[in-house]
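See structure below.
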Amino acid sequence: MTHPAGQQRVTRDTLRLCRNKPKPQMQRAHFRFYAELNDLLPQQRTGLTLTHAFEDPASLKDAIEAFGVPHTEVDFILANGSPAPFSQLLRDGDRISVYPVFRSLDLTPLTHLQPRPEGDMRFVLDTHLGKLAAHLRMLGFDSLYGSDCLDEELAHISAGQQRILLSRDRGLLKRSLVTRGYLVRATHPQEQLIEVCRRFNLAGSIAPFRRCLHCNTPLQVAPKDLISHRLPTETRKHYDEFHICPGCNRVYWKGSHYRRMASLIEDLRSNLLWS
Ligand SMILES: [Zn+2]
């Protein structure tokens, strides 16, 4: 049992120690963000060298994210002229250059911080990007989406299934668990589609109308006689080719919806060709 007097003495000693402890000195590091990373900074800070003041050493990841730039946007960091990992601790006087993924510039063999894509591109989208998910499925890309998915689940799906997490929520992309992600800048679904196709070089991999727009399952050819009882009379009369979704049982044919989507895909392709 502690004696009350001893307790008092400890408290006084502790206070004295606290008073004598030198205050941590404010340190400063200087950051420069390049290319489209500037989209993520406030207007008045773009293209400038920005000073970051800190007391305790922070990792480069945390310091970069303090500017509002999720680590998923950053592919390469130079600290005082040398490549640096996200985990490197910031030091007083550091000069840090931060670069995005360059689509048309091959930085190999430099140290990329974003994983290189392997095989087919697969996505998982946050709850605000339902239309973009349907558009990506229309182009044939495996795109998971659930309107009631929690952020925690999205981060786990992305990490566990190695899917690129598409989001407009910077907080979600700052989670350490998320190593593949992209902050969608545009607000209109068609502009978002162009943006994502450009960012991930999807133009050459487009395989339209092979995946269910509603549940993401690959479609199968359906013989007309097997599904004709489910068709509207006019459709039965004018169409002979059908696909069915084994996931949700929807039937697809090349009606007015198909023609609208085909024209959207044509616009997208010519847009990507000139970008
Ligand atoms: Zn389906």
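Readers should treat all values here as calculations from the given coordinates under stated rules, not as data from a laboratory. Bear in mind that the values here come from a model prediction, so they are computed numbers and not experimental data. No Cβ is skipped: glycine too gets one built from the backbone with ideal geometry, and neighbour counts run over all protein chains shown.
Each Lys or Arg adds one and each Asp or Glu takes one away; over the other residues whose Cβ falls under 13 Å from the Cβ of residue 162, this sums to +1. Rounded to 0.05, the FRET efficiency of the residue 38 and residue 127 pair, given R0 = 22 Å and the Cβ-Cβ distance, is 0.20.
Ignoring aspartates and glutamates fewer than eight residues from residue 224 along the same chain, the ones with Cα atoms less than 20 angstrom from its Cα are 234, 240, 241. Sorted fewest first by neighbouring Cβ atoms within 10 angstrom, 199, 259, 95, 180 come out as 259, 95, 199, 180. The fraction of Cα-Cα pairs per 5 angstrom bin, counted from 0 for the chain, comes to 1, 5, 10, 12, 13, 12, 10, 8, 6, 5, 4, 4, 3, 2, 1, 1, 1, 1, 0, 0 percent, rounded to whole percents.
Projected onto planes of every orientation and averaged, the convex hull of the alpha-carbon atoms in the range 122-205 covers 4.8 nm². Each Lys or Arg adds one and each Asp or Glu subtracts one; over the other residues with Cβ under 12 Å from the Cβ of residue 238, this totals +1. With the simple spin-label model, which puts each label point 7 Å out from Cα in the Cβ direction, the residue 188 to residue 240 separation comes to 4.0 nm. What does DSSP give for the chain in terms of the percent of beta bridges that are antiparallel, rounded to the nearest 5? Around 55 percent antiparallel, to the nearest 5. Along its principal axes, the range 27-99 has C-alpha extents of 27, 22, 19 angstrom, given from the largest down. Near the amide H of residue 27, within less than 5 Å, lie the amide hydrogens of 54, 55, all on another chain or at least 5 residues away, with H placed in the peptide plane. When the chain is treated as a GNM, springs tying every alpha-carbon pair under 10 Å, which of 47, 146, 119 comes out with the largest mean-square fluctuation? Checking each option, the largest mean-square fluctuation is seen for 119.
For the range 203-275, the set of GluC sites (Glu not before Pro) satisfying both a DSSP loop assignment and a count of at most 15 other C-beta atoms within 10 Å is given as 241. Overall shape: oblate for the range 55-95, with the ratio a/c of the largest to smallest alpha carbon gyration tensor axis at 1.5 or above and b/c at least equal to a/b.
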